[in-house]
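Everything on this sheet refers to the single structure shown next.
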Amino acid sequence: MAIIKGTEFKASDGNKYKFLGKQWALVDPKTGKTTRMASTKITLELERLAAANYMITPSTSVFDTLLLRGIRSGEVPARTQAARDWFRNTAKGTTISRHEILAEKTRFVNKVEPGKMYMFQYYAKLRNKLPYWDAFPLIFPIEKYEDGFLGINFHYLPYDLRAKLMDALYKISSDKRYDEKTKLIANYRLLKGASQYKYFIPTIHRYLSEQVQSKFIEVASSEWDVALFLQVQNWKGSSQDKIWRDSRNKI
């Protein structure tokens, strides 16, 4: 959900706050200037107020639509297990095409950053040798190379295991604000060395930059649980049941 910079609301503490583009700041009633940043409690309240005043239109993205529905229901993204489950289950029952996601040009970025989440179109170089592959990955890059990157592709896991892996990964996020700066602090050695991350084993895949067929669609940290359960995987070479069965056997 995009909040317009400069948006102002009066909170329950009687003070007015302005959205500065990344955070909410207290407005001095005498000077009209912003002072200190809003507390976490007030920030959540202001986000709910923004959601209540946000109009859903036919052009509103599925991410914004689900975030608004959740926030209006009192579910703040990623903050509690109940909220995570709500967004995941709601996303799972939502119909959206890969074409619709690729149409969200405001999300386009040219390169990936380790610890952030992305979707993109991909054409595997060794497709004739691979038993199967995903042409529309949902990944967290964990290592970058000159010719590409290594990433966790959640699509290789059935939904219950995706949830377990994501819950474990939340513990190594850079902060608990879940804003545009939030990312995972993860690498292959860390994931491989801890049993709580065991579900990552079948998800690790290498991606070559020259085989990427679209811009990268960045998924905000507040939307991770929505993207996690959207049914947009694009399997080549085998059925989903077979791929997920193989993944369970590898863990």
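In this structure, the amide hydrogen of residue 34, modeled 1.01 Å from its nitrogen in the peptide plane, lies closer than 5 angstrom to those of 28, counting only residues at least 5 positions away or on a different chain. For the cross-link pairs 129/242; 164/250; 5/181; 111/250, the ones whose C-alpha atoms lie over 23 Å apart are 111/250.
What ranking do 69, 245 get, fewest neighbouring Cβ atoms within 10 angstrom at the top?
Numbers: 69 15, 245 12.
Ordered from fewest to most neighbouring Cβ atoms within 10 Å, 69, 245 come out as 245, 69.
Computed from phi, the 3J(HN,Hα) profile of region 238-247 under the Karplus parametrisation 6.51, -1.76, 1.60 (θ = phi - 60°) reads 6, 8, 4, 4, 5, 5, 5, 5, 4, 5 Hz, with x in place of Gly and Pro.
The alpha carbon centroids of region 144-170 and region 212-241 are separated by 10 Å. Annotation: amide H of residue 234 within the under-5 Å range of 135, 136, sequence separation 5 or more or interchain, hydrogens built in the peptide plane.
Quick one: order 155, 205, 99 by neighbouring beta-carbon count within 10 Å, fewest to most. Walk me through the intermediate numbers first.
Working: 155 25, 205 19, 99 8.
Starting with the residue having the fewest Cβ neighbours, the order is 99, 205, 155.
Rounded to the nearest Hz, the phi-derived 3J(HN,Hα) couplings of region 154-167 under the Karplus curve 6.51 cos²θ - 1.76 cosθ + 1.60 (θ = phi - 60°) are 4, 4, 6, 10, x, 4, 5, 7, 4, 5, 5, 5, 5, 4, where x marks glycine and proline. Among 157-165, 103-111, 89-97, 120-128, sorting by the average number of other beta carbon atoms lying within 10 angstrom of each residue, highest first, gives 157-165, 120-128, 89-97, 103-111.
Peptides 12-23, 132-143 ranked from most to least packed by the mean count of surrounding Cβ atoms within 10 Å: 132-143, 12-23.
Give me the one-decimal Kirkwood hydrodynamic radius in Å for region 1-54, with the sum taken over alpha-carbon pairs.
Details: mean 1/r = 0.0910 Å⁻¹.
11.0 Å is the Kirkwood radius here.
The convex hull of the Cα atoms of region 81-185, projected and averaged over all directions, covers 8.1 nm².
Every number in this text was worked out from the coordinates using simple rules, so none of it is lab data. The model shown is predicted, which means the values in this text are computed figures rather than measured ones. Please note: Cβ atoms are built from the backbone with ideal geometry, for glycine as well, and neighbour counts cover all protein chains shown.
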